[in-house]
Amino acid sequence: MLEKEHRQIMERSTQVDLDPNEFKQLGYWLVDQIAELFSQMPSRPLTTKKSAEEIEQLLNAETHFDNEGQNAGELLKKTVELVTQNSLYNGHPGFMGYITSSPVPLGALAELLAASVNPNVGAARLSPVATQIERQTIKWIGEFIQYPADAGIMVSGGNMANFVGFVAGMRAKLGLEIRTKGIQHLQKAPVVYVSAETHTWIQKAMDLFGLGTDHIRWIDTDSNRQLDTEELEEKINEDLRQGYLPIMVVGTAGSVSLGVVDPLKSIHNICKKHNLWFHIDGAYGGFAAALPENKAIFEGFSMADSLAIDPHKWLYAPLEVGCTLVREAKYLTDAFSYHPAYYQFGTTEINFVDYGMQNSRGFRTLKVWMSLQHLGINGYQQLIREDIALAAYAYQLFEQDQDFETGTNHLSITTFRYVPQRMKGKKDEESQSYLNQLNQALLGEINNSQEFFISNAIDQGRFLLRMCIVNFRTNSKIIDKMPDFIRNIGENLDSKMSQT
Ligand SMILES: *Cc1c(COP(=O)(O)O)cnc(C)c1O
């Protein structure tokens, strides 16, 4: 009875495949909308003014998931409207917040193709060309930034890329036994050294991988906001005396807040002396190592045992894609490889499931691979170089302007704050606290303006406005508008706030 019913499923009762003509029609229409989106980006509002609650209500009113499905064409139309009308555009020329880049349009097409072929890049056999494309991309990235990568893996972003390097370092320094016995079998507590400016991924890593955040040794930064290597040595020696087990130092190449590159060469020397793993977090700044003029500040960059770098930052790849590179492939397999009976993938090919945390893996590399070839080494160098030059230009503008005070300028990050002229030179606590409040309020209004979007940094007690340029659509004309734009809002706010 049952068998007969099964045999009758000759045609599936739910229509999934679109008729080829319908697919084309919808696809062409969608591409038209996207092309318009890109070409009109400069004249669009940068973001929506709707609150999260208003958007939630809008979705509840406009969309539904019912017993019966809906027409694909109508659905697509409504979706394009909802998504394009209610988003923040990091591809807008005025977007300079956090470290989120404008996405290369070719990346959108690459994602469409990747999703259509849908290779599972966990195993070479399941993704014949995709696995080799990922390996080739890793090789190209290594060559571009002059890091001698023996192997690497694409992951979802900087946090994950740092985790992969971190676990590889843990396994290499604590021995493979911890994979079976756990860290409980260790006689001494492992400790890891980072600068005070290190991104918060280190806390997640120490927490998630069982070492505990109490075993992070935060090293102060010096007057250049770089990791203080003297203090690093002192802390290592003290930990050794106290019976801890130093295993790793994290150097940052482009700190998330100010863009500072740590003294990588000195850190490497200390790592060598004490036999520690040297991991570099280059999620943001790593690609700046591709510029010959940055050779001096990146000295030691190529000495890292593992390196995290984010193509979805300075390669302008659409989210998400991060990358871990290692000096020896075995660091990854030693940390991540298992061979269960149900996976007979063979041992002659590289299977990315052995290199990282994911099992099924998407083809997130395609967009990176395509735009590397599309823009070329010169194209990318020039884009990164100009982002850096624009940030320096902004610094000069604010430096010369009487209503502003500059903070820092490293790589493509510039910080500054609005200081009404009557408050210039006032160092007392009350004035500083007022300026902090004023600039915090100012940030809120700038980001609501739909013209510019920036973020903030806290540096030496000062609340600073922070612009980070990883945006190929911005230019000096846009930057020229910023001082007056910010001054106008600042004057208004100041006259309101100073009265109360
Ligand atoms: C952005 C960033 C991260 C986190 O990367 P995601 O891609 O956001 O996960 C880590 N470290 C640094 C230095 C970063 O700039």
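Here the scattering of the stretch 146-224 is modelled by Debye summation over its C-alpha atoms, one equal scatterer each and no solvent; at q = 0.25 Å⁻¹ the log10 of I(q)/I(0) is -1.28.
Could you give the length gained by full extension between residue 34 and residue 117, i.e. 0.36 nm per residue of separation minus their alpha carbon distance, to one decimal place? Intermediate values should be presented prior to the final figure.
Values: separation 83, 0.36 × 83 = 29.88 nm, distance 2.09 nm.
Contour length minus Cα-Cα distance gives 27.8 nm.
Here the spin labels are modelled as points 7 Å beyond Cα on the Cα-Cβ line, and at residue 382 and residue 180 they lie 5.7 nm apart.
Given their separation in residues at 0.36 nm each and the Cα-Cα distance between them, residue 496 and residue 477 gain 3.8 nm when the chain is fully extended.
Cα-Cα over 20 Å: which of 313/481; 313/477; 272/313; 139/173; 173/272; 204/295?
Working: 313/481 25 Å; 313/477 23 Å; 272/313 30 Å; 139/173 26 Å; 173/272 13 Å; 204/295 31 Å.
Flagged as over cut-off: 313/481; 313/477; 272/313; 139/173; 204/295.
Report for the stretch 214-324 the percent antiparallel among DSSP-assigned beta bridges with both residues inside it, nearest 5.
Antiparallel bridges: around 30 percent, rounded to the nearest 5.
The calculated FRET efficiency for the pair residue 125 and residue 241, based on their C-beta separation and a Förster distance of 56 Å, comes to about 0.60.
Surface composition of the stretch 1-121: carbon and sulfur atoms hold 54% of the protein heavy-atom accessible area at a 1.4 Å probe. Distance between the 7 Å Cα→Cβ label points at residue 63 and residue 485: 3.0 nm.
Please state the equivalent ellipsoid semi-axes for the chain: what are the square roots of 5 times the Cα gyration tensor eigenvalues, largest first, in whole Å? Show your work: numbers first, answer last.
Details: eigenvalues 304, 256, 88 Å².
Value: 39, 36, 21 Å, ordered largest first.
To put it simply, the accessible area of the stretch 235-364 at a 1.4 Å probe is 51 percent carbon and sulfur.
Taken over the alpha carbons of the stretch 279-394 as equal point scatterers, the Debye sum produces base-10 log I(q)/I(0) values at 0.14, 0.15, 0.17, 0.19 Å⁻¹ of -0.72, -0.81, -0.98, -1.14.
Per residue, how much accessible area does the chain show when a 1.4 Å probe rolls over the protein heavy atoms, in square angstrom? Before the final figure, lay out each step's value.
Working: 25100 Å² over 500 residues.
Accessible surface, normalised per residue, equals 50 Å².
Given the rule -39500 (n - 2.57) for each run of at least 4 DSSP H residues, summed and divided by the residues of the chain, what is its mean residue ellipticity at 222 nm, to the nearest 500 deg cm²/dmol?
Numbers: 16 runs with 225 residues, N = 500.
-14500 deg cm²/dmol, from helical runs alone.
Take the alpha-carbon centre of the stretch 253-302, take the same for the stretch 351-421, and report the distance between them in whole Å. Using only Cα atoms, the two centres lie 16 Å from each other. Of the peptides 271-277, 350-356, 416-422, the ranking by mean beta-carbon count within 10 Å, highest at the top, reads 350-356, 416-422, 271-277.
If the segment from residue 187 to residue 433 were pulled out straight at 0.36 nm per residue, it would be longer than the present Cα-Cα gap by 83.8 nm.
Scaled to the compact-protein estimate 2.2 N^0.38 Å, what is the alpha-carbon radius of gyration of the stretch 343-413, rounded to two decimal places?
Values: Rg = 21.4 Å, N = 71, 2.2 N^0.38 = 11.1 Å.
Ratio of Rg to 2.2 N^0.38 Å for the stretch 343-413: 1.93.
Only four residue types carry charge here, +1 at the Cβ of Lys and Arg and -1 at the Cβ of Asp and Glu. Report the dipole size of the stretch 43-125 about the Cα centre in Debye, rounded to the nearest 20.
Working: 6 positive and 9 negative charges, 90 e Å.
Roughly 440 debye for the stretch 43-125.
Rounded to the nearest 20 debye, what is the charge dipole size of the stretch 209-287 about its Cα centre when +1 sits on each Lys and Arg Cβ and -1 on each Asp and Glu Cβ?
On the way: 7 positive and 12 negative charges, 64 e Å.
Dipole about the Cα centre, nearest 20: 300 debye.
Specify which residue in the list 110, 140, 157 is farthest towards the positive end of the charge dipole of the stretch 61-173, using unit charges on the beta carbon of Lys, Arg (+1) and Asp, Glu (-1), about the Cα centre. Farthest towards the positive pole: 140. Accessible surface of the stretch 396-500, 1.4 Å probe: 43 percent of it comes from carbon and sulfur atoms.
The values are calculated or read from the model by the stated rules, or taken from the named source; none is laboratory data. Because the structure is predicted, anything quoted here is derived from the model rather than measured. Cβ sites come from the backbone with ideal geometry, for glycine too, and all protein chains shown count toward neighbours. Side chains included, ligands, DNA and RNA excluded: accessible areas come from the protein's heavy atoms. Shrake-Rupley method; radii C 1.70, N 1.55, O 1.52, S 1.80 Å.
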